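Worksheet: one structure, shown below.
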Amino acid sequence: MCGITGYIGYREAYPIIIQGLRRLEYRGYDSAGVVLFDGQDINLSKTKGKVSELEKKVTEGVSTKGNIGFGHTRWATHGVPNHINSHPHLSQSGNLVIVHNGIIENYDTLKKELLSRGYKFHSDTDTEVLINLIEEIKLQENCKLGKAVQLALNQVVGAYAILVFDKNKPNELVVAKLGSPIAMGIGKDNKEFFIASDATPFIEYTKDAIYLEDGELAIVKLDRDIHIRKINDDQIVNDLRIQQLQLSLDQIEKGGYEHFMLKEIYEQPSAITDTYRGRLLANKGIIKMAGLDDNLERFLNAKRIIIVACGTSWHAGLVAEYLFEEIARIPVEVEYGSEFRYRNPIITENDVVIAISQSGETADTLAAVKLAKSKGAFVFGICNVVGSSIAREAHAGAYTHAGPEIGVASTKAFTTQITLLSLLALKLGKEKGNIDTPSYQTYLQEMVQIPSKIEKLLGEDAHVKKIAAIYKDLPNFLYLGRGYNFPVALEGALKLKEISYIHAEGYPAAEMKHGPIALIDENMPVAVIATRRGHYQKVVSNIQEIKSRKGIIIAIVTEGDTTVKDIADHIIEVPETLEAFTPLLTTIPLQLLSYHIAVMRGCNVDQPRNLAKAVTVE
Ligand code: M6R
């Protein structure tokens, strides 16, 4: 995915755009560009690399004057990340300019047609095809920019959020969306407008925002208004759906932390509290959640629950499989969105599909949601980003309310997803009569203790850092866990590989002897989750097996453990909790371990190479 931000108004546009691009960099950071209109000329600057590279380039001589402009930070899809493929892209005449987030799937056919009409292309991008298609239509039809964009988009197959400007119509910007998000901020008295992939670039300027819906096109006119219409049938959208943003500036700043990832790790106690706030009334023994309560029958009658997700969210889904099957006694299948959508899955009207996604924009999860809906399943979305595509596409759902997660590596999203899924499992278990009242009460009382237990665990940070320093240069890591902590092992390995580029594998501890044990030697650190509850003795045996092959044991144990302490090279103690809630604690030291290793290796933990925060392409 990519980040788009634009401005039209009375202020200098450049500082607003650059600030906005910095905030959107989590969406992609292999190249960046900015375009400004100074009243006469279009001044364009772009480069391979991050927004900081763009700033350097701009100071080398491009004009930053102008009250209209937009910028782009890219995660490459078509064409390698280089200067030429970076956005914005100009049309052949140089009069039109575009930034685009998404993929034009039929770009090749469109390009051939344009080539036959004499268009020349400088980049390998689908976006340059689109802007020339718009230009060609504008010339052929002798129409305004908005109409030309609309007609062009009716020829396009794919996904997009675009922002287009015409030098000959300098008081307006054209915005359109299908499948990729775009928000518009409205300044006082329509004297200025902001456009961005999310609202973070403009929160200090306005709280009034419109999120464009799929298939809509907006013409943003300075001193006038925003006009929205449907791309496919010209229908005017009269209700502008202006929302009040809840976001605040400090939520999207580092707040004194060196990295967003560290801030987000430390935010977990408050994020989890925000997830269950108003939903969990522990003293009254009540769990209430509108999306669930309004659709309780669908859940209670479900023959099975299918969970679809990707990456870390998929790991949360795996934890939920244990939760739902143990507590609610409902069969669960956990699917990667990408596999589910292409293997003709058997889905019936009796199925409930839970889609888990921090961003709510992951293309594979979104496609899985649409497929499940088309087969009649009831779809429940668990998202963090309010108003995101999956949240809107699902029949019902619940937000995790974790606050913005900006570090590309998911941390608080994972623990808040597990918190929400625990509440769902407990409510369903209670309603189905599969959990007795004392156990139910114990779960509820324990859940409210989790934030303070994480707080205590964060006090182990310096200890974890020392362990990180010892093993930071080793090329491989193994992560082992059983039961509820098997998904935590997968998550621990994913965190390490994505931010430190160390090869890491997560395994169910007992599977080790079926293959991975061959890897064990004195250079193989093995992080083993060996909490007192759940298969403890079995895991202790697995630890012995590793030790007898000279492996290095970093064990996550329950406070006061002595058995593993005697065998392991290092132990990290977590507070005692119910087995079902152990992932909420055991995950924390593994997040810290990967964070410190990555920092010590000089890696950019917030923006790891080749990644983007939300994967909005297949
Ligand atoms: O926004 P989503 O939760 O749908 O994202 C899913 C994955 O792309 C995401 O969890 C990814 O694996 C993270 N980089 C993991 O840290």
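The values are calculated or read from the model by the stated rules, or taken from the named source; none is laboratory data. Computed from a predicted model, the values in this text were never measured in an experiment. FYI the Cβ positions are ideal-geometry reconstructions off the backbone, even for glycines, and counts take in every protein chain you see. The protein model used for the area step is the full one, side chains on, heavy atoms only, and it has no ligands, DNA or RNA in it. Shrake-Rupley method; radii C 1.70, N 1.55, O 1.52, S 1.80 Å.
One table, with the values for the structure above:
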read-out: Every residue from the stretch 486-517 that is basic (Lys, Arg) and either at positive phi or crowded, with 16+ Cβ neighbours inside 10 Å (or both); value: 495, 497
read-out: Selection status of residue 128, at pLDDT below 95 and part of a helix (DSSP H, G or I); value: no
read-out: Odd one out for residue 146, checked against (1) assigned to a helix (DSSP H, G or I); (2) open to solvent by 40 Å² or more (accessible area, probe 1.4 Å); (3) not charged (D, E, K, R); value: (2)
read-out: Residue in the stretch 256-269 that is part of a loop (DSSP other than H, G, I, E, B), under 21 Å from residue 330 (Cα atoms) and touching a helix residue (DSSP H, G or I) at 6+ places or on another chain (Cβ under 7 Å) present; value: no
read-out: Qualifying residue in the stretch 12-20 (condition: assigned to a strand (DSSP E or B), open to solvent by 50 Å² or more (accessible area, probe 1.4 Å) and not hydrophobic (A, V, I, L, M, F, W, C)); value: no
read-out: Which listed residue, of 527, 580, 598, 614, is touching a Gly at 6+ places or on another chain (Cβ under 7 Å), open to solvent by less than 10 Å² (accessible area, probe 1.4 Å) and touching a residue at least 60 places away in the same chain (Cβ under 8 Å); value: 527
read-out: Candidate set: the stretch 338-359, residues that are open to solvent by less than 10 Å² (accessible area, probe 1.4 Å) and either at pLDDT 95 or above or aliphatic (A, V, I, L, M) (or both); chosen: the one farthest from the ligand (Cβ to nearest atom); value: 351
read-out: Residue within the stretch 303-310 that is away from the ligand (no atom under 16 Å from the Cβ), of a type in the set (Lys, Arg) and farther than 19 Å from residue 396 by Cα present; value: no
read-out: All positions within the stretch 28-41 that are open to solvent by 10 Å² or more (accessible area, probe 1.4 Å) and either modelled with pLDDT of 95 or more or part of a helix (DSSP H, G or I) (or both); value: 37
read-out: Complete set of residues in the stretch 530-544 that are in contact (Cβ under 8 Å) with a residue 12 or more places away in the chain, surrounded by fewer than 22 Cβ atoms within 10 Å (Cβ to Cβ) and among the small types (Gly, Ala, Ser); value: 534
read-out: Filter result for residue 413 (among the aliphatic types (A, V, I, L, M), assigned by TED's automatic domain parsing to the domain that holds residue 295, in contact with an Asp or Glu (Cβ under 9 Å, 6 or more places away or on another chain) and assigned to a helix (DSSP H, G or I)); value: yes
read-out: Pair list, Cβ under 8 Å, 6 or more apart: the stretch 454-473 residue under 25 Å from residue 581 (Cα atoms) and open to solvent by less than 20 Å² (accessible area, probe 1.4 Å), other residue of a type outside the set (S, T, N, Q) and at pLDDT below 95; value: none
read-out: Restricting the stretch 360-382 to residues that are open to solvent by less than 10 Å² (accessible area, probe 1.4 Å) and either within 12 Å of the ligand (Cβ to nearest atom) or among the charged types (D, E, K, R) (or both), the residue that is nearest to residue 101 (Cα to Cα); value: 360
read-out: Sole exception among (1) surrounded by 13 or more Cβ atoms within 10 Å (Cβ to Cβ); (2) over 25 Å from residue 327 (Cβ atoms) for residue 309, by number; value: (2)
read-out: Residue within the stretch 232-248 that is within 27 Å of residue 41 (Cβ to Cβ) and either open to solvent by 10 Å² or more (accessible area, probe 1.4 Å) or over 22 Å from the mean Cα position of the chain (by Cα) (or both) present; value: no
read-out: Whichever residue in the stretch 402-424 is under 10 Å from the mean Cα position of the chain (by Cα) and among the aliphatic types (A, V, I, L, M) and, among such residues, is farthest from the ligand (Cβ to nearest atom); value: 406
read-out: Members of the stretch 121-130 that are touching a helix residue (DSSP H, G or I) at 6+ places or on another chain (Cβ under 9 Å) and either not acidic (Asp, Glu) or not assigned by TED's automatic domain parsing to the domain that holds residue 219 (or both); value: 121, 122, 125, 127, 129, 130
read-out: Unmet criterion (only one of (1) modelled with pLDDT under 95; (2) out of contact with any Phe, Trp or Tyr (no Cβ under 9 Å at 6 or more places or on another chain); (3) open to solvent by 10 Å² or more (accessible area, probe 1.4 Å)) for residue 571; value: (1)
read-out: Sole exception among (1) touching a Phe, Trp or Tyr at 6+ places or on another chain (Cβ under 9 Å); (2) closer than 27 Å to residue 456 by Cβ for residue 292, by number; value: (2)
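Listed here are the residues, each with its yes/no results for (1) assigned to a loop (DSSP other than H, G, I, E, B); (2) among the aliphatic types (A, V, I, L, M).
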residue	(1), (2)
122	yes, no
137	no, yes
152	no, yes
155	yes, no
160	no, no
170	yes, no
176	no, yes
189	no, no
